[in-house]
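Novice: Sharing a structure with you now.
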Amino acid sequence: MHGYTGSKDDYLKRLRRIEGQVRGIARMVDEDEYCIDILTQVSAVTKALQAVSLGLMEDHLGHCVVHAARESDDAGQAKVREAADAIARLVRS
């Protein structure tokens, strides 16, 4: 079981909403909408994806990392390193 399992339906709903927003952006480009309006929508999608990312990271830390730390120090350290690497990727993007 993953840390996000209890919130899976919420995540899927949010991701479907984001998917719809991305389709809307594509439609805006196809219809030659004003570039600033498109960029505004891109910014909204980016923020929505960041919110999903933060939620998943919180779930991972609260479930997977805590579980591994209870298992052993080495397992806990490995999960912390994994989470730190994921955070670094999120910060760079």
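Every number in this text was worked out from the coordinates using simple rules, so none of it is lab data. Quantities reported herein were computed from a predicted structural model and do not represent experimental measurements. When we count neighbours, we look across all protein chains shown, and the Cβ atoms used for this are built from the backbone with ideal geometry, even at glycine.
Novice: Going through the stretch 2-22 one residue at a time, which ones are over 21 Å from Gly62 (Cα atoms) and either in contact (Cβ under 8 Å) with a residue 24 or more places away in the chain or touching a helix residue (DSSP H, G or I) at 6+ places or on another chain (Cβ under 8 Å) (or both)?
Specialist: Leu15, Arg17, Ile18, Gln21, Val22
Novice: Here's a follow-up. Checking Gly55 against (1) more than 18 Å from Leu15 (Cβ to Cβ); (2) under 15 Å from the mean Cα position of the chain (by Cα), which test does it fail?
Specialist: Looking at each condition in turn, Gly55 falls short on (1).
Novice: Taking only the stretch 30-41 into account, find how many residues are among the hydrophobic types (A, V, I, L, M, F, W, C) and in contact with a helix residue (DSSP H, G or I) (Cβ under 6 Å, 6 or more places away or on another chain).
Specialist: 1
Novice: Another question, if that's okay. Between residues in the stretch 42-57 that are over 23 Å from Val29 (Cβ atoms) and residues that are outside any helix (DSSP H, G or I) and aromatic (Phe, Trp, Tyr), which pairs lie under 9 Å by C-beta distance while being six or more apart or on different chains?
Specialist: What qualifies is Gly55/Tyr4; Leu56/Tyr4.
Novice: Turning to a different aspect of this structure: Cβ-Cβ under 8 Å, sequence separation 6+ or interchain: first residue in the stretch 70-82 and free of Cβ contacts under 8 Å to residues at least 24 places away in the same chain, partner assigned to a helix (DSSP H, G or I) and loosely packed, with under 13 Cβ neighbours inside 10 Å. Which pairs?
Specialist: These pairs meet every condition: Gly76/Arg70.
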